[in-house]
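Beneath this line is the structure, given in structure tokens, with notes to follow.
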Amino acid sequence: MSPTPRYLIRGGQPVGGRVRSLGAKNFATKAMVAALLAEGKTTLLNTPRIGDVDITCDLLAAAGATLAWSGDADLEIDAASIRSARVPVPDSGSNRIPILLLGVLLHRLGEAQVPVVSGCNIGARPVDFHLTAARMFGAEIEISRGGYHASRKGPLVACHYTLPYPSVGATESCLYLGVLAKGTSIIENVATEPEIIALITMLNAMGARIQLRPNRELVIEGVERLYGTRFEVLGDRIEAASWAALAAATDGEITVDGIDPATLINFFGPFNAVGGGVSIEGPKSIRFFRRHALRSIVLETDVFPGFATDWQQPFAVMLTQAAGASVIHETVYERRFDYLEALAALGAKTQIETGCLGSVDCRFRGRDFPHSAIILGPTPLHSEGLTLDVPDLRAGLAYVMAAALAKGETTITSISRIERGYGALIERTRGLSLDIALA
Ligand code: EPU
């Protein structure tokens with residue numbers, strides 16, 4: 001094996017079989033942060049063993065929490081002895097968790113020192129909404145080159161804040177800030193992704209008083225303390241959608257376990273329209289296949305309940321096999337199509353546009369961001385020993401899919417970016433007829 005592990009994939013055959021979706025990265029890490037709000041023990045079930053969870057474990061341990069795994073996926077977090085307000089720079093250098101710790105440490109310790117870190121390489125990913133929210137709750141924030149220092153004189157106080165955009169992370173920050181603030185807060189224009197609903201449910205199970213109103217409004221009645229809880233991490237709807245797209249793209253048949261079909265509500269429509277088939281096999285088990293020859297589609301990504309931005313990369317791989325010109329208008333991130341270059345190297349015909357090729361009133365209109373894509377199909381993909389270097393997590397799994405679809409052998413490098421969110425991919429795909437090995 002080479003010193004930096006890489007995947008070697010031989011593709012060109014239908015991929016079939018069975019795979020289990022891990023617990024959702026984008027909830028597990030937020031639930032771990034929420035556990036710090038209780039002065040007791042919280043147990044998270046179905047916690048995925050992935051890079052981002054390891055990083056979050058390190059950040060929590062640095063704050064003084066005690067963490068213990070039992071079995072494969074149960075993580076106990078004891079937050080009784082939190083003592084350090086300084087959040088270290090995560091090992092990977094990029095991760096969205098530090099900024100979420102700001103509100104939690106402010107409550108517990110009266111201050112927080114949070115480093116400036118980026119997320120994946122998909123756009124600027126600022127944290128201005130998080131900082132404004134903390135200030136609205138009464139925090140004082142100083143910004144230095146090393147990061148953000150937040151402090152409070154007394155308890156945080158309730159506020160009325162309208163988010164400029166329904167940001168997932170900023171909604172989470174508002175939840176952490178609001179649950180222990182003095183008084184009743186109203187937060188408008190919040191994100192309502194299934195992972196946010198899970199976080200609200202978990203916090204309420206810890207003793208919080210949060211109501212989500214139908215109009216994207218949160219009413220948070222602050223309480224004096226929260227209690228530890230046991231909570232199950234929901235299945236990863238992004239991973240499940242990727243296996244669905246792989247089944248349809250290669251004309252195989254993949255059963256995904258561990259996923260609640262309701263979290264894929266707005267994936268099924270476009271998937272069926274392209275030619276995919278869905279069969280619900282059990283409460284958390286879905287079989288995906290190709291129902292008819294694939295055909296093109298026009299779609300836009302959006303906040304929930306729209307078509308998730310994290311679904312667009314696997315979907316684009318599938319669209320290389322659909323007849324006609326497909327269009328994807330990305331309205332959540334300004335720069336999330338760089339990965340199409342790699343698909344083009346495998347033979348896909350794609351074009352990226354800066355204009356808005358869609359009907360949603362997009363924040364990027366007229367701002368020269370490459371945020372619309374055209375994919376012409378069907379095009380057979382092929383690889384004569386190509387090497388693809390993974391730029392970010394979701395693009396990474398899309399590369400695995402594209403390599404599985406392409407006739408020939410493909411090497412995929414920088415796979416730690418994939419393992420950040422999909423952990424132990426080789427072992428977990430043993431039930432699939434996917435020819436993938438570590439090299
Ligand atoms: N935004 C701002 N200012 C802020 C916060 C966000 O302008 O203070 C903008 C962002 O730049 C972006 C948009 O708002 O254009 C949406 O960002 P959001 O805050 O919703 O994203 P996030 O919380 O940083 C999470 C997931 C992403 C997922 C998005 C959208 C985690 C750790 N990450 O990011 O997942 O794409 O929500 O659903 O939960 C991934 O898992 O690979 C991933 C990128």
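The values are calculated or read from the model by the stated rules, or taken from the named source; none is laboratory data. Keep in mind that this is a model prediction, so the values were computed, not measured. Neighbour counts are summed over all protein chains in view; Cβ atoms, including those assigned to glycine, are modelled from backbone coordinates with ideal geometry. The protein model used for the area step is the full one, side chains on, heavy atoms only, and it has no ligands, DNA or RNA in it. Shrake-Rupley method; radii C 1.70, N 1.55, O 1.52, S 1.80 Å.
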Unique residue being more than 24 Å from F27 (Cβ to Cβ), open to solvent by 20 Å² or more (accessible area, probe 1.4 Å), in contact with a strand residue (DSSP E or B) (Cβ under 8 Å, 6 or more places away or on another chain) and away from the ligand (no atom under 16 Å from the Cβ) when the list is R291, R230: R291
Filtered residues of segment 81-110 (kept if surrounded by fewer than 20 Cβ atoms within 10 Å (Cβ to Cβ), over 18 Å from R145 (Cα atoms) and in contact with a strand residue (DSSP E or B) (Cβ under 8 Å, 6 or more places away or on another chain)): S81, G110
Out of I286, I297, I328, sole residue that is without any contact (Cβ under 8 Å) to a residue 40 or more places away in the chain and either away from the ligand (no atom under 11 Å from the Cβ) or open to solvent by 10 Å² or more (accessible area, probe 1.4 Å) (or both): I297
Test: residue in segment 122-140 that is more than 11 Å from the ligand (Cβ to nearest atom), at negative phi, modelled with pLDDT of 95 or more and touching a Lys or Arg at 6+ places or on another chain (Cβ under 8 Å): yes
Given (1) outside any helix (DSSP H, G or I); (2) buried (at least 16 other Cβ atoms within 10 Å of the Cβ); (3) more than 16 Å from the ligand (Cβ to nearest atom), number of the condition E281 does not satisfy: (2)
Long-range neighbours under 6 Å by Cβ, at least six apart or interchain, first residue open to solvent by 70 Å² or more (accessible area, probe 1.4 Å) within segment 140-152, second part of a strand (DSSP E or B): E140/S151; E142/H149
Filter result for E409 (farther than 21 Å from T309 by Cβ, open to solvent by 60 Å² or more (accessible area, probe 1.4 Å) and modelled with pLDDT of 95 or more): yes
Residue in segment 171-179 that is at pLDDT 95 or above and open to solvent by 20 Å² or more (accessible area, probe 1.4 Å) present: no
Qualifying residues in segment 155-170 (those that are in contact with an Asp or Glu (Cβ under 8 Å, 6 or more places away or on another chain) and of a type in the set (V, I, T)) - the one surrounded by the most Cβ atoms within 10 Å (Cβ to Cβ): V168
Where S185 falls short, out of the listed (1) open to solvent by 10 Å² or more (accessible area, probe 1.4 Å); (2) polar (S, T, N, Q); (3) more than 9 Å from the ligand (Cβ to nearest atom): (1)
Scan of segment 334-384 for residues that are free of Cβ contacts under 8 Å to residues at least 40 places away in the same chain and basic (K, R), ordered by number: K349, R365, R367
Residue identified as more than 16 Å from the ligand (Cβ to nearest atom), outside the structural domain of F288 (by TED's automatic domain parsing) and buried (at least 22 other Cβ atoms within 10 Å of the Cβ) among L37, L44: L37
Residue among R420, R367 that is part of a loop (DSSP other than H, G, I, E, B), open to solvent by 30 Å² or more (accessible area, probe 1.4 Å) and within 16 Å of the ligand (Cβ to nearest atom): R367
